[in-house]
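For reference, the structure discussed in these notes is given below.
The values are calculated or read from the model by the stated rules, or taken from the named source; none is laboratory data. Keep in mind that this is a model prediction, so the values were computed, not measured. Reconstructed Cβ throughout: ideal geometry from the backbone, glycine too, with neighbour counts over all protein chains shown. In case anyone asks, the SASA skips ligands and DNA or RNA and just uses the protein heavy atoms, side chains included. Shrake-Rupley method; radii C 1.70, N 1.55, O 1.52, S 1.80 Å.
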Amino acid sequence: RPIWNLLSTYALALRLDESLAVTGTLAGQFGDQPELRDRLAAALSPEATGVAWLALAGLALRDADEPTAAARLLVAQRICQFGAERLPKATEPRSCAGEAAAQRGELPMAIRWFEEAFDLDSDDHETTSSLARLYHLRIADLLAGERIDAAKREVAFIEAFFARAKTRWPTRPLDAPSLADVYLTLGRGLYNAGEIDPDRASFVHARELGAP
């Protein structure tokens with residue numbers, strides 16, 4: 001698959017703009033991948049939208065199997081990152097880069113990309129849900145590292161985040177762990193760290209918010 005090999009090399013180096021001419025020299029030859037070349041050309045077109053970069057990244061992932069999945073996921077992340085740099089107002093490549101980073105366990109990078117997408121379109125329910133999910137994971141990470149004060153500050157931040165979402169979508173919950181789940185995570189983290197949680201306040205508040 002010479003086209004894929006070239007594209008992935010240029011993608012990892014964040015030099016995809018140089019790949020079109022090189023891959024074009026292989027058109028019609030043995031091992032050509034016309035669909036991949038076409039999607040690359042569409043993404044690099046001056047008229048390209050964020051959707052074109054999603055399509056290219058999706059093709060990078062389509063043929064992934066277990067031995068190649070991790071490598072292809074990194075290529076998809078770099079493709080979306082490059083697309084985001086070319087399209088400063090497009091949310092799609094930022095969400096794509098964020099999701100790929102999250103799947104690769106790069107939580108700070110994932111949050112950064114989704115926050116960029118959110119700043120461009122704060123009324124997108126899917127982006128808001130993804131950020132809520134990642135913020136919840138960040139609380140869990142802070143608690144696991146016994147950074148209790150930072151975790152408590154994060155809970156206050158995410159509570160305001162959920163309040164804004166509820167105002168924006170009164171009858172449509174986020175597709176993410178609920179605020180009750182956040183307080184359950186806090187309560188368990190405090191307990192595991194041996195911290196005092198007066199009257200088990202975190203668990204009580206979680207139940208008030210609907211936790212079983």
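One table, with the values for the structure above:
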{"read-out": "Convex hull volume per residue for the range 1-119, taking Cα atoms only, in Å³", "value": "88 Å³"}
{"read-out": "The range 155-212 - Kirkwood radius from inverse mean 1/r over Cα pairs (Å)", "value": "12.0 Å"}
{"read-out": "Residue-normalised accessible area of the chain, given per residue in Å² at a 1.4 Å probe", "value": "53 Å²"}
{"read-out": "Local electrostatic count at Glu106 - Lys and Arg +1, Asp and Glu -1, tallied over other residues with Cβ under 13 Å", "value": "+2"}
{"read-out": "Hz values of 3J(HN,Hα) by residue in the range 113-130 - Karplus curve (6.51, -1.76, 1.60), Gly and Pro given as x", "value": "5, 5, 5, 5, 5, 5, 5, 7, 8, 6, 9, 8, 5, 5, 5, 4, 4, 5"}
{"read-out": "Sequence of Asp141, Asp181, Asp32 from largest to smallest accessible area, 1.4 Å probe", "value": "Asp141, Asp181, Asp32"}
{"read-out": "Local electrostatic count, Pro93, Cβ distance below 9 Å [Lys/Arg +1, Asp/Glu -1]", "value": "0"}
{"read-out": "Cβ-based charge dipole, the range 1-118, positive-most Cα from Gly98, Ser45, Tyr10", "value": "Tyr10"}
{"read-out": "Choice from Ala60, Ala27, Ala176 showing the highest fluctuation, given a GNM over the chain with Cα pairs closer than 10 Å", "value": "Ala27"}
{"read-out": "Relative contact order, percent, the chain [alpha-carbon distance under 8 Å, six or more residues apart]", "value": "12 percent"}
{"read-out": "Where only C-alpha atoms are counted, convex hull volume of the chain per residue in Å³", "value": "139 Å³"}
{"read-out": "CD proxy at 222 nm, helix term only [per DSSP H run n ≥ 4: -39500 (n - 2.57); per residue of the chain; nearest 500]", "value": "-22500 deg cm²/dmol"}
{"read-out": "Carbon and sulfur %, accessible surface of the chain computed with the full protein complex present, 1.4 Å", "value": "53 percent"}
{"read-out": "Ellipsoid equivalent to the range 67-118 - semi-axes via the Cα gyration tensor, in Å", "value": "18, 13, 6"}
{"read-out": "Derived scalar couplings ³J(HN,Hα) [the range 92-105; Karplus, 6.51 cos²θ - 1.76 cosθ + 1.60; whole Hz; x for Gly, Pro]", "value": "4, x, 5, 5, 5, 4, x, 5, 5, 4, 4, 5, 8, x"}
{"read-out": "For the range 8-15, 3J(HN,Hα) per residue [Karplus equation, 6.51 cos²θ - 1.76 cosθ + 1.60, θ = phi - 60°, Hz, x = Gly/Pro]", "value": "5, 5, 5, 5, 5, 8, 6, 10"}
{"read-out": "Span from the the range 1-63 Cα centroid across to the the range 93-150 one, whole angstrom", "value": "28 Å"}
